[in-house]
Structure formats: C-alpha cells, structure tokens
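Worksheet: the structure to be examined is printed underneath.
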Amino acid sequence: NNDGYTIEKLIHGPDRAYNNIQMWRYHKSFEYFGNGLKQNREQAITGFADQVKTREEFEKAMQQVVKETDKIHFLEVIMPSMDAPKSLVLTIEGTREYKRRERETQE
C-alpha cells in the first residue's frame, strides 16, 4: 500500500487528482469477509493480520507468520508514496527522454 497509483504518478506526475484513491483498511480484510462471525470461527483458518510500516515491524510479523504455515495471513505493507523499483523509474525516464527527442525531430 503506497497511497495511490505509483506507476501513474511516475508517468504523469504525482499531483494528478485521479491518483488520489479512497484508502481501505486492507489489514482488516478478514473482518469484513466475516472472520469474526460465530458461524465462521470453527472453520476459520485465518492467522495473522496487521499493518507494518518499518522493516523491523515486517520482520517481526513474518516471524509470527512462518510459525503458522497452515493458516492464511494478511500483511499490509505501507510503502512511501513514490516508492518504485529503480528499473521502473529508469524505464519511465528513458521513455520520457525518447519522446522528447522524437517531438524535437518532428518540429
């Protein structure tokens, strides 16, 4: 979860309003799918569900997750808004430069 459409923010700019999407409480997914209902408790195979914001929180959560491999877990990882793989950023920058040069040759 990085608060919107990062790929679109990288391509078209971070300030486009359509990239500001309604945020969910993703780590609460088990609850809104009925995990807490009495009739579901006996057959539930749900385990850990939480939100993490740091590497330390992530590693601590994963320690708990690997102890219960027979259950489904839900871990929402909060990332910085513009976090993206370097290769993606470089690809977008390269494409932007290519298009700029292409426009210049057409003028």
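The values are calculated or read from the model by the stated rules, or taken from the named source; none is laboratory data. All values reported here derive from a predicted model rather than from experimental measurement. Note that we place each Cβ from the backbone using ideal geometry, even for glycine, and neighbour counts take in every protein chain shown.
Data overview
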| read-out | value |
| --- | --- |
| Leading residue by the ranking (modelled with the lowest pLDDT) among those in the range 2-13 that are surrounded by 13 or more Cβ atoms within 10 Å (Cβ to Cβ) and in a loop (DSSP other than H, G, I, E, B) | N2 |
| Where T69 falls short, out of the listed (1) surrounded by 10 or more Cβ atoms within 10 Å (Cβ to Cβ); (2) within 23 Å of the chain's Cα centre (by Cα); (3) modelled with pLDDT under 90 | (1) |
| Single residue of the range 84-107 satisfying the filter (under 12 Å from L10 (Cα atoms) and loosely packed, with under 10 Cβ neighbours inside 10 Å) that is nearest to the chain's Cα centre (by Cα) | P85 |
| Search result, residues across the range 48-107 that are in a loop (DSSP other than H, G, I, E, B), under 22 Å from T6 (Cα atoms) and without any contact (Cβ under 8 Å) to a residue 12 or more places away in the chain | T54, P85 |
| Filter pass, Q39 being exposed (fewer than 12 other Cβ atoms within 10 Å of the Cβ), in a helix (DSSP H, G or I) and modelled with pLDDT under 80 | yes |
